[in-house]
1. Ignoring everything except DSSP H segments at least 4 long, calculate the 222 nm mean residue ellipticity for the chain; use -39,500 (n - 2.57) per segment, divide by total residues, nearest 500.
2. For segment 231-302 and segment 350-382, what is the centre-to-centre distance using only Cα atoms, to the nearest Å?
3. What ranking of W121, W155 emerges when the number of other C-beta atoms within 10 Å of each C-beta is taken as an exposure proxy, fewest first?
4. So how much slack lies between N27 and S305, counting 0.36 nm per residue of separation and subtracting their Cα-Cα distance, in nm?
5. Run the Debye formula on the Cα coordinates of segment 282-349, all scatterers equal and no solvent, and tell me log10 I(q)/I(0) at q = 0.14 1/Å.
6. Can you work out the PRE-style zone for I384? Point 7 Å along Cα to Cβ, and I want the residues of segment 321-339 with backbone N under 20 Å.
7. What is the Cα convex hull volume of the chain when expressed per residue in Å³?
8. Tell me, in nm to one decimal, what length is gained between Y87 and Q240 on full extension, where the rule is 0.36 nm per residue of separation less the Cα-Cα distance?
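No lab work stands behind these numbers, since they all come straight from the coordinates. The structure displayed is predicted, hence computed values, not measured ones. We place every Cβ from the backbone using ideal geometry, glycine too, and count neighbours over all the protein chains shown.
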Amino acid sequence: MQTFLSMTKKDLFRYDIVRRLIRKEINGTQAANLLNLSVRQTKRLKASVAKCGPKGLIHGNRGKASNRRVPQKEKDKIVKLLKRHYYDFKPGFACEKLEENHHISRDPKTIRQIMISEKLWEPKTKKNKETHRAWRQRRSSFGEMQQFDGSYEHWFENRAPECCLLLSVDDATGRITYGMFDYDEGVFPTFDFWRKYIEIHGKPLSIYVDRFSTYKMTQKTAIENHDLKTQFQRAMEELQIEPIFAHSPQAKGRVENYFKTLQDRLIKELRLENILTIEQANNYLMNKFIPKYNAKFGIEPRNNSNLHRKLSGKEEKQLPGILSRQTVRVVQNDFTVSFDNQWYQLLPGQPATVCKRDSVIVEERINGEIFIKLRNKYLNIIPIEKRTYHRNKKSAQWVIAASQHTQPIMA
């Protein structure tokens, strides 16, 4: 059976030059310069064409199957696994999972070609270049700055409702320093996140966040009055951590890009592990996913120092109070304080002198406990169902004097 091999434009050009050389229209040096080859290689091509004709220019392996091709049996197995388990994976991630779970080690480009041929992956078309943005250089040391954000997504697909992934990424190393699933990106989930982070790593020098309402007031009155702060700003100031506010999503692009990657990889990992709840997901995230992810994508910082600061003994005691929602309330004439539709009675014998109409701070902590503070001292309180009014105003108490031997009673 006769086989036909097509010639490329390059082959046709070479053939024309070699024929001119054979007809002695040009010499060997001129032909070598035109072909951009050595004189010796040009002589070989001349001899090959003189003997075999145009076929002498074509490589002997053209049209033959590669010796390094994937055996058909193995290819069928790969296709079966891809369609069953990794039908919506990207080629690189699918290649990792084939090696990790099925001990099939192939180049990602090979898996990519198989996925394209089976219509499991469609190559992306090149987009027009976007407006150039200057790339900010990474910070030099671990703990110098953490990029922090939350991402609402159907992380469990249709197995559970939508929830929020809170994530911090170290700017110097590109490593995920902590991650936590919660129902929203509110004050308490954010405070719970940073309480656990600080217990593990210590206090970072700064935190890079966006202008979401949890982190910064964006109303006109707040912009004009710099003393107005969110709960997050107040807590970071007390912990001596600098909050840095991004003016655009692109400004903190590293954590934004991480979310794009996680929305692809992590969702599929949770599916493969058949994880259904936030508790299971948090356990898997910290113990398995993040260590493996950091080992693959983390980089070495320019400076090996760790700039996290450990909490002092005093700070450890104050941390639950600092990471609480604090609200100002006024002491009523009967020494009661109202908060969240609940009345609290101030008891006799307080660590600080309490007067009527004093402004106190109510701390609503992450675990739901309520504390009331006056001049940095916690008052003794009990929740009451109904207030008691003094009919005889002359006999009513005007002040609760400070006592030396008191212990704060929480609500």
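1. Details: 13 runs with 145 residues, N = 411.
Helices in the chain give a 222 nm mean residue ellipticity of -10500 deg cm²/dmol.
2. 36
3. Values: W121 20, W155 24.
Neighbour counts put them in this order, fewest first: W121, W155.
4. Values: separation 278, 0.36 × 278 = 100.08 nm, distance 6.74 nm.
Stretched out fully, the N27 to S305 stretch lengthens by 93.3 nm.
5. Rounded to two decimals, the profile gives -0.79.
6. Only 329-339 pass the distance filter.
7. Working: hull volume 94.7 nm³, N = 411.
So the per-residue Cα hull volume is 230 Å³.
8. Numbers: separation 153, 0.36 × 153 = 55.08 nm, distance 4.81 nm.
Length gained, Y87 through Q240: 50.3 nm.
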